[in-house]
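Asker: Sharing a structure with you now.
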Amino acid sequence: MDDQMIFRPSTSRDALAMHSLARDSQVLSVNSTYYYALMARHFQATCMVAESEGRVCGYVIGYCPPDQPDTLFVWQVGVAKPCQGKGLGKKLLIALIKARNPDFLEATIAPDNQPSINLFRSVARHFNVGCIFSETSYFSQEDLGTDEKAEHLMKIGPF
């Protein structure tokens, strides 16, 4: 990760790179390229990419739930392997929060996904705000299917 990192709203042209980063992570849910293009275009105000030397090296996909316009819900954060462990995911989330200015940030995370839990807790510490990780599932295994783990809600804020 170099000093010339650019954080910008996503565009549909970023879809191939976002798809590749998700696939190459071997841990993220991988959706179709069309899905990434649609999210990048329809939710450009709540999605962001990190670019270095003209290449997308990280992204965050988020949206505001229709009944919670003051909340930014983060669906996925993807970081290229060479940039992992260098704080890029945190920098992306901080940049998106500053750009969008929500009251709350939410995400669902599997209870055994400690790297994601640590990422969101680190963002909460950065802003010196509360962070709650629900003890009960937001989406159960029955909701998601046997190939998926239950997801619990993490809520950060108010900012």
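Asker: May I ask you to list the lysines whose Cα is less than 19 Å away from that of LYS81, ignoring any residue fewer than eight positions away on the same chain?
Answerer: Filter leaves LYS90, LYS91.
Asker: Given only helices, namely DSSP H runs of n ≥ 4 each adding -39500 (n - 2.57), what is the per-residue ellipticity at 222 nm of the chain, to the nearest 500 deg cm²/dmol?
Answerer: Values: 5 runs with 52 residues, N = 159.
So the calculated ellipticity at 222 nm is -9500 deg cm²/dmol.
Asker: Separate question: If I build a Gaussian network model for the chain, linking alpha-carbon pairs within less than 10 angstrom, which residue out of LEU16, LEU119, LEU144 has the largest mean-square fluctuation?
Answerer: LEU144
Asker: Taking the Cβ of each residue in ASP112, ASP24 as the centre, tally the other Cβ atoms inside 10 Å and list the residues starting with the fewest.
Answerer: Numbers: ASP112 9, ASP24 13.
With the fewest neighbours first, ASP112, ASP24 line up as ASP112, ASP24.
Asker: Take the alpha-carbon centre of the stretch 69-144, take the same for the stretch 31-49, and report the distance between them in whole Å.
Answerer: 17
Asker: Any idea which of ALA50, PHE139, PRO111 is furthest toward the positive side of the dipole for the chain, if Lys and Arg beta-carbons carry +1 and Asp and Glu beta-carbons -1?
Answerer: Toward the positive end, the furthest listed residue is ALA50.
Asker: So what's the projected area for the stretch 1-51, the Cα convex hull averaged over all directions, in nm²? Don't skip to the answer; put the middle values down first.
Answerer: Values: hull surface 14.7 nm².
So the Cα hull casts an average projection of 3.7 nm².
Asker: More than 29 angstrom separation, counting every C-alpha pair in the chain; what % is that? Display every interim value, and only then the final one.
Answerer: Values: 1485 of 12561 pairs.
Cα-Cα pairs of the chain separated by over 29 Å account for 12 percent.
Quick note: the coordinates plus some simple rules give every number you see, no bench work behind them. Since this is a predicted model, take the numbers as computed values, not measurements. Positions of Cβ are backbone-derived with ideal geometry, glycine not excepted, and every protein chain shown enters the neighbour counts.
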